[in-house]
Every structure is written in C-alpha cells, then in structure tokens.
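The values are calculated or read from the model by the stated rules, or taken from the named source; none is laboratory data. Keep in mind that what you see is a predicted model, and the values were worked out from it rather than measured. Quick reminder, even Gly has a Cβ in these numbers, built from the backbone with ideal geometry, and neighbours come from all protein chains shown.
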Amino acid sequence: MIQWQSRSTTRAITLAFLFVLAIAGCRTTTEIDARSIAGCNAPHFPYHSGWLGGDSAYSIPLADGRSLWLFGDTFVGREGQRDRIGSKLIHNSIGISRCTREGRFEVAYHWERGREPRAFIPHPSGDRFYWLFDGFTYEGSLYLALLEVSLGEARGPLNLPFRFEGTQLARVARPQDEPARWQPERIPFTRSKLAFPGAFAIEGRHLYFFSFFDRDGASHPRFLARLPLDALAMDAAALPDAVETFTSGGSWLPGFHPERARILMDDTATEMSVHRDASDGSWVAIYSHPNATGGFPDDPRASAIWMRYADRLVGPWSEPRVVARATELRPARDPATICYAAKAHEQYATNGTLPITYACNLYTPNGEDPYAVLRRLLGRMDLYRPTSLLLDLPASGD
C-alpha cells in the first residue's frame, strides 16, 4: 500500500505521478479534426489484471506485429480492482498489444510480480528509479531508454522534486519471448546531466535522438544527436563516445555536447514522438507542453497537442501548429487537472488518419493540500491512463 507518512512525503509521491507532463504542426493554420476511436487502430488501455493506470505511453512496433507500450509511474492492485484505494505505485510498467482476428486492440500488462510488485525494470539502487523514455529495435534486439531519476528539492513552474541523473539503454536480446523471460542488459548511453534523450528515429545507418534540456525544471527545448547503429555492437563502455551532436554551426561534433547543440525546437517538451509520414516522406513530431510559457493553467496552450514537420531531421522544423486539444481541460474542469505526454503511433495509421495518445492527471496547485489532491486521484478512474484520439490529416500538400 502507499504509505501516508507525512504531507511533504505525500506531495513528493503525488508529483511522482505527474512528472512527464512538465519537464512534461499541421500544414494549415486550422486545427485538424480529432475524434474518439475504436477498433484495432485505436489503442486503448482498460483496467485489468491489477493494472490501474499509467502515463507516458511510448509505443514500439515489434517484428511479429505486436506493439510494446512503455508506461511511467503505474498504479497496480488486486485482480478485478476498479479503483486505486490501497494500490501500490511502481515507477514503470509495460504493455504488449496485438490486433485480434476480429479487429480489436488488446493489451496485456507486465511488471515484476511477487510478494510486492516492482517496476518492470527496477533500479539497482533503492533511492533512484527509471522512467522508460522511448525505444527501438535493431537486428532483432530491443533497446529501451532508461531515464535515471532521483528525488531532490522542488523546482520549476509545477514545483516538482526530481533530478535527472543520466540515461542508459536496456538491451533485450529476445523481445519475441514473453516479457517475464526478458533479461534486460543495462548499457551506458549519455553521460550529461544537462540534457536527456526523449524521442528516437532511425534513418539510414544512424539512430537519431531528440534530447531535451533540463533547465531547472522550467525550460526544455530540444536538439538532435545521433549514434551509428554499428556502435551497438561495440564494447558497451565505449558506446557513449560514439554519439555525435548536431551543433549550432550545422555540423556533427563527436560526443554528446548539449552546450554546443543547435536548438531545433525552442518550446518546452520532454516526451515526444517523431516519425516519417508515409504519404510524402516528411518527418512529423507530435508533443504537448502543459507548462506553456504564458502561465499554467490559464494559458490555452496548456490543453494543446502540437505538430511540427520537416523534410530532414536536422530541420528546419516548421512552427508548431495545434492539431487537437485535450477535452479534459474544458472550462468547467477540475482546476487541478493537467494533460500531457502526447505522442503519435504511426504503426496504427490508416487512410490519412493518425492515432495519438495523451494522459491527464491531477497536480497540486500552490497552497492546496497535496494529500487531498492525491485522494481524489485514487478515485478518479477517468484520469491517469492514456487517452486515444484519431487525427484526420490533410492530404499531402494541403
């Protein structure tokens, strides 16, 4: 069970549910129509098997037609439980989805089960944990980004008590096996505490990754780095030295050097998806940033889901355009509601439509009792799991 040790502890636990929100463009000036969806191109995440909600929801297509889903902080409870009272918080979980013969989307959830549930990939240290930040497959192996997190002094516009310590990769040699049989190997990736990988894309012989700055929790513009895919066969200790950074001068610099990087997207987001549009070959980025610079929560950008596009990963990237809005942030909303973590899932795209997900949660506004906010979340089963929308995209060239 979650322990209510003190109100300060409760605030830290509450904020742990909420992180990715705050640290978590179509080609016209109007919003693309977004509508609720059902069916196999409609990822949806019912509560079952003790899984009672998680956020983030990166997806990775697997070779056998299934998809892997990566969730952040996750509530788990008893089989058949329908609220979160008495549930346990773990820091990551995964889902494996498939399309049934009848055309339905089905997902099975996984974490480390035992007398006490644990994260699917636990941290070896008791005072740190991992959030799962995107992934990819290469030559039959699966790679997941592990953002290493520790608790610290509250900071940033949402007063979040987190520090990021670095990023590793988890390598799974046989992702076709049942997840309970996976044996993730942790390998070093980037060493910086200034910036961290947040979205992957493979082009040619390189893994490209958009990385976000962590500027005291308040500003998270993104830049581009890359890794030769052949480096994944190198000695693990040498892998960080194979990374290159796209610099302000427009060249590739050996090493991971945020301080010399060209900013490609100057707004704030940590989580993001980047994929190639099958219709015209352009690159598309989908994201949201609820701590919009105009002030949260009154800035209408807080509910926006944004798209940018570019012909090349190095840019130039278009200005962001609003393609959808989180309907949970209507004028009559609970003032503690926040929505974040928008991403596209291109493996489900069909006939000019693009499925996206986002998550909504409760946060603690200044001056409010974090215990009371958290108690509401335990019963608000309409919040804290990925929500799906289907974007109707304009034809190429519109």
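Values computed for the structure shown
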| read-out | value |
| --- | --- |
| Filter pass, I23 being closer than 21 Å to Y340 by Cβ, surrounded by 22 or more Cβ atoms within 10 Å (Cβ to Cβ) and either modelled with pLDDT under 90 or more than 21 Å from the chain's Cα centre (by Cα) (or both) | yes |
| Per-region count, segment 330-347, residues under 20 Å from the mean Cα position of the chain (by Cα) and either farther than 20 Å from F136 by Cβ or in a strand (DSSP E or B) (or both) | 8 |
| So S282, is it more than 21 Å from the chain's Cα centre (by Cα), at pLDDT 95 or above and of a type outside the set (A, V, I, L, M) | yes |
| Checking F164 against (1) within 28 Å of H48 (Cα to Cα); (2) out of contact with any Cys (no Cβ under 9 Å at 6 or more places or on another chain), the condition it does not meet | (1) |
| Every residue from segment 251-288 that is charged (D, E, K, R), in contact with a Gly (Cβ under 8 Å, 6 or more places away or on another chain) and farther than 27 Å from S388 by Cα | R262 |
| Residue in segment 122-130 that is more than 30 Å from G204 (Cα to Cα) and in contact with a helix residue (DSSP H, G or I) (Cβ under 8 Å, 6 or more places away or on another chain) present | no |
| Among residues of segment 205-227, those that are exposed (fewer than 15 other Cβ atoms within 10 Å of the Cβ) and modelled with pLDDT of 95 or more, counted | 1 |
| Residue match in segment 298-307 (condition: touching a Gly at 6+ places or on another chain (Cβ under 9 Å), surrounded by fewer than 19 Cβ atoms within 10 Å (Cβ to Cβ), modelled with pLDDT under 90 and not hydroxyl-bearing (S, T, Y)) | yes |
| Test: residue in segment 348-366 that is among the hydroxyl-bearing types (S, T, Y), in a helix (DSSP H, G or I) and either modelled with pLDDT under 75 or buried (at least 21 other Cβ atoms within 10 Å of the Cβ) (or both) | yes |
| Filter result for the condition that a residue is crowded, with 21+ Cβ neighbours inside 10 Å and either hydroxyl-bearing (S, T, Y) or closer than 27 Å to P240 by Cβ (or both), over T167, T100 | T167 |
